[in-house]
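Quick note: the coordinates plus some simple rules give every number you see, no bench work behind them. The structure presented is a predicted model; accordingly, all values stated were derived computationally and were not measured. Note that each Cβ is placed from the backbone with ideal geometry, even for glycine, and that neighbours are counted across all protein chains shown.
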Amino acid sequence: MKYLLDANIWLDLLLGRAGRDEVQLLLDTVPNRLLVMTDFALHTAGIYTAKRSPDVYMQFIEDLIRNEIGVVHMPPTALRDVVQKMAAYSLTFDDAFQYVAAERFDLSLVSFDSDFDRTPRGRITPAKGVELWIAEQTRPPSP
């Protein structure tokens, strides 16, 4: 299972918000090769941090590169699906973008945003992601 980390996951970490420790536990537990973000989330993190804390944003970029966190891109043709999901599930553009990316790349969406609970794919919290990862590691191999 690969995890798509929503922009709010990164923002909680970067801005020291309430979910910071939960996010850090996910990052410390789940292998980096299984963590993905959209380029939209990467830019969102820049919008919220680069001006007021450029050093924090630069360190974030360096950490992403060093840890080889995956970044997925959606072509303009995928934006049709984004608009459709906005209408179908009453999502904002940014939430629908993340949802379509998770769907398109078959990723588990990790978010603190309960709006995703209205969708068929849903979402998991960082704590649930850790729980699922640990359970996967302790599951006996199938014959």
Shape call, the stretch 1-41: gyration tensor on alpha carbons, a/c limit 1.5:
oblate
Helix-only mean residue ellipticity at 222 nm for the chain, each DSSP H run of n ≥ 4 adding -39500 (n - 2.57), per residue, nearest 500
-17000 deg cm²/dmol
How large is ³J(HN,Hα) for each residue in the stretch 116-121, as worked out from phi by the Karplus curve 6.51 cos²θ - 1.76 cosθ + 1.60 (θ = phi - 60°), to whole Hz, x for Gly and Pro?
5, 5, 7, 9, x, 7
Place a point 7 Å from Cα of residue 77 in the direction of its Cβ. Which residues in the stretch 92-121 have their backbone N less than 16 Å from it?
101, 104-105
